[in-house]
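Step one of this worksheet: look at the structure below.
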Amino acid sequence: MLESEKRCHLAHSGELVSQDRKRSFPNDSSAVSTKRPDTTSDVILSVVMPNYNHATYLSTALNAVLTQKVLPDEIIIVDDGSTDDSRSLIEHWVSKEPRILAVFNPSNRGAIASINRGLELARGKYVCLMAADDLAYPNFFFEALQALGNAPDVGLFCAEAHVQSMDSPKRKPELRPIIRPSHKSKSFSPLEARRLLKYNDHFVLPIATVFRRDMILAEGGFDPELGSMADGFLSKRLALKYGFCFTPKVVVRWQVWGDGLSRTNSRDPNAARLMLEKAKTRIRLDPAFPTEYSEVFDRRWRFASCRVALATRFPDWDFLRLFGPQNLVDVNVLAIATKMGPNAGVYLALIWLTLRYRPYSLLALAETCVRRWWDVSSLKSRSGRSEVAPTP
């Protein structure tokens, strides 16, 4: 058998074709790679990048990963049955970049299944989950590995993100998490993480996180039953069990689409209600979470879902009536908001939802806003002084 024929046969039968070694794969997937580090001990950081029909953005995302201050040792792209030009583009990247391993699902299995597939193949001590349409800033991996090296027992590193609505690309990106867990780089113990849950739910952004891979695998990976909640659920669970480290620096641009997985699920009242009940049941049965957290999570997730329904060009008032608070006062306030028009009505609805659901500490929110303003002002001031500094 010719070498080229042998390689095609191996790929079809579920084995990795490589320049110097082979790895086994299930028969229903195929993979291609070039030479990568020879042993697991050589691999410090793995990037897992699920992709579904994002050929338009994939090269930009990969370029951002490959221009990091500290480069990953391997990039595992899991294509989830794309129907656009993703496959040919990925194969082109594999042919020119030895860090990349590509896996092709024969059919669409969903983002969580693809992420878990990538985790099974990853060999790094640490792993970062990067969407094929998001952008990592050059300092991301440097900050993560430095922090994790200084805190060897924690489950993950997390930081801040710019969140850009791609339905309104001219709108200024927002900063997340909405409340900082700290205004300086810090490691949090599991007990401190439990305390954070009392006033803030989203102190870990999975898109701006680097995980310890062995801890993810010890927890069984991401639960497909939780859909778009799976990454947030596991991130909080790891933080509560092992602690985490945080730095108040922006490390990634999170590009949010109106038809994305999380937005689509949270805009369907029936799907949102079903997913919420599944998550609450899991939380109640999981000793890692505080006993009172299930009901707190219910309030916060309802608020977040209603906020998403309002954060569109045409606010989804029907969703609020079906999924939001529903006593007589709520019904009347939302009826008034509906008649006030898209701008004033949305502001009224958001204020009312905040008062009703109390999703986070307003004092902590105000403190974060002030500190971020101060950080920006201080940076501008230092930049101004450097520009007018006299020449020696």
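Please pick out the residue among SER29, SER33, SER46 that is within 19 Å of the chain's Cα centre (by Cα), of a type outside the set (Phe, Trp, Tyr) and either at pLDDT below 95 or under 21 Å from ILE216 (Cβ atoms) (or both).
Details: SER29 fails: within 19 Å of the chain's Cα centre (by Cα); SER33 fails: within 19 Å of the chain's Cα centre (by Cα).
Just a single option satisfies the conditions, and that option is SER46.
Identify, please: which residue in the range 62-80 is touching a Phe, Trp or Tyr at 6+ places or on another chain (Cβ under 7 Å) and more than 11 Å from ALA132 (Cα to Cα) and is, among those, surrounded by the most Cβ atoms within 10 Å (Cβ to Cβ)? Break it down into steps so the answer makes sense when it comes.
Step one: filter the range 62-80 for residues touching a Phe, Trp or Tyr at 6+ places or on another chain (Cβ under 7 Å), giving 62, 68-70, 72, 79-80.
From what's left, more than 11 Å from ALA132 (Cα to Cα): 68-70, 72, 80.
Details: GLN68: 18, LYS69: 12, VAL70: 15, PRO72: 26, ASP80: 24.
Out of the qualifying residues, it is PRO72.
Going through the range 95-118 one residue at a time, which ones are surrounded by fewer than 20 Cβ atoms within 10 Å (Cβ to Cβ) and of a type outside the set (Gly, Ala, Ser)?
LYS96, GLU97, PRO98, PRO106, ASN108, ARG109
Could you pull out the residue among ASN108, ASN51, ASN63 that is in contact with a strand residue (DSSP E or B) (Cβ under 6 Å, 6 or more places away or on another chain), of a type in the set (S, T, N, Q) and modelled with pLDDT of 95 or more? Can you show your working first?
Working: ASN108 fails: modelled with pLDDT of 95 or more; ASN63 fails: in contact with a strand residue (DSSP E or B) (Cβ under 6 Å, 6 or more places away or on another chain).
Just one listed residue meets the conditions, ASN51.
I need every pair where a residue in the range 236-258 that is within 12 Å of LEU191 (Cα to Cα) has its Cβ under 7 Å from the Cβ of a residue that is of a type in the set (S, T, N, Q) and crowded, with 19+ Cβ neighbours inside 10 Å, sequence separation at least 6 or different chains.
Taking only residues 6 or more apart or on different chains, not a single pair turns up.
Of the residues ALA304, ALA311, which single one is among the aliphatic types (A, V, I, L, M), in contact (Cβ under 8 Å) with a residue 12 or more places away in the chain, surrounded by fewer than 20 Cβ atoms within 10 Å (Cβ to Cβ) and in contact with a strand residue (DSSP E or B) (Cβ under 9 Å, 6 or more places away or on another chain)? Break it down stepwise before answering.
Values: ALA304 fails: in contact with a strand residue (DSSP E or B) (Cβ under 9 Å, 6 or more places away or on another chain).
Answer to the selection: ALA311.
Listed here are the residues, each with its yes/no results for (1) modelled with pLDDT under 95; (2) buried (at least 16 other Cβ atoms within 10 Å of the Cβ); (3) at positive phi.
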position: ARG195; (1), (2), (3): yes, no, no
position: ASN200; (1), (2), (3): yes, yes, no
position: ALA208; (1), (2), (3): no, yes, no
position: GLY243; (1), (2), (3): no, yes, yes
position: ASN265; (1), (2), (3): yes, yes, no
position: ALA271; (1), (2), (3): yes, no, no
position: LYS280; (1), (2), (3): yes, yes, no
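Taking the range 197-219 as the search range and keeping residues that are among the aliphatic types (A, V, I, L, M) and within 17 Å of PHE157 (Cβ to Cβ), which one is farthest from the chain's Cα centre (by Cα)?
Pass one, the range 197-219, residues among the aliphatic types (A, V, I, L, M): 197, 204-205, 207-208, 210, 215-218.
Of the ones still in play, those that are also within 17 Å of PHE157 (Cβ to Cβ) are 204-205, 207-208, 210, 215-216.
Working: VAL204: 9, LEU205: 6, ILE207: 3, ALA208: 6, VAL210: 10, MET215: 17, ILE216: 15 Å.
Across the range 197-219, the extreme among qualifying residues is MET215.
Is there a residue in the range 366-376 that is crowded, with 16+ Cβ neighbours inside 10 Å, part of a helix (DSSP H, G or I) and among the acidic types (Asp, Glu)?
Initial filter on the range 366-376 (crowded, with 16+ Cβ neighbours inside 10 Å): 368.
From the residues that got through so far, the ones that are part of a helix (DSSP H, G or I) too are 368.
Then drop every residue that is not among the acidic types (Asp, Glu), which leaves none.
No, that holds for no residue.
If you scan the range 117-134, which residues turn out to be closer than 16 Å to TYR52 by Cα and under 14 Å from the mean Cα position of the chain (by Cα)?
First, the residues of the range 117-134 that are closer than 16 Å to TYR52 by Cα: 117-118, 129-134.
Correct list: LEU129, MET130, ALA131, ALA132, ASP133, ASP134.
If I go through the range 216-232 residue by residue, how many of them are of a type in the set (A, V, I, L, M, F, W, C) and either closer than 17 Å to ALA136 by Cβ or in contact with a strand residue (DSSP E or B) (Cβ under 8 Å, 6 or more places away or on another chain) (or both)?
Our first condition is that a residue be of a type in the set (A, V, I, L, M, F, W, C); within the range 216-232, this holds for 216-218, 222, 226, 229-230.
Next cut, either closer than 17 Å to ALA136 by Cβ or in contact with a strand residue (DSSP E or B) (Cβ under 8 Å, 6 or more places away or on another chain) (or both) only: 216.
Adding up the residues that qualify gives 1.
Residues that are in contact with a helix residue (DSSP H, G or I) (Cβ under 9 Å, 6 or more places away or on another chain), surrounded by fewer than 17 Cβ atoms within 10 Å (Cβ to Cβ), at pLDDT 85 or above and within 20 Å of PRO269 (Cβ to Cβ): does the range 343-365 have at least one?
Yes, there is a match, as at least one residue in the range 343-365 is in contact with a helix residue (DSSP H, G or I) (Cβ under 9 Å, 6 or more places away or on another chain), surrounded by fewer than 17 Cβ atoms within 10 Å (Cβ to Cβ), at pLDDT 85 or above and within 20 Å of PRO269 (Cβ to Cβ).
One line per residue, one yes/no per condition, for (1) surrounded by 14 or more Cβ atoms within 10 Å (Cβ to Cβ); (2) under 19 Å from VAL127 (Cα atoms); (3) at pLDDT below 95:
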residue	(1), (2), (3)
LEU156	yes, yes, no
ALA161	yes, yes, no
SER165	yes, no, yes
SER168	no, no, yes
ARG171	no, no, yes
GLU174	yes, no, yes
PRO177	yes, no, yes
SER187	yes, yes, no
PRO190	yes, no, no
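Among the residues of the range 49-97, what is the count of those that are among the aliphatic types (A, V, I, L, M) and in a helix (DSSP H, G or I)?
Applying the first criterion (among the aliphatic types (A, V, I, L, M)) to the range 49-97 yields 49, 55, 58, 61-62, 64-66, 70-71, 75-78, 89-90, 94.
Checking which are in a helix (DSSP H, G or I) leaves us with 55, 58, 61-62, 64-66, 89-90, 94.
Count: 10.
Could you tell me whether the range 199-212 includes any residue that is without any contact (Cβ under 8 Å) to a residue 24 or more places away in the chain and β-branched (Val, Ile, Thr)? Before you say what the answer is, go through the steps one by one.
Going through the range 199-212, the residues without any contact (Cβ under 8 Å) to a residue 24 or more places away in the chain turn out to be none.
Checked the range 199-212: no residue is without any contact (Cβ under 8 Å) to a residue 24 or more places away in the chain and β-branched (Val, Ile, Thr).
The values are calculated or read from the model by the stated rules, or taken from the named source; none is laboratory data. Just so we're clear, the structure is a prediction, and the values are computed from it rather than from any experiment. Every residue, glycine among them, receives a Cβ derived from its backbone with ideal geometry; neighbour counts consider all protein chains shown.
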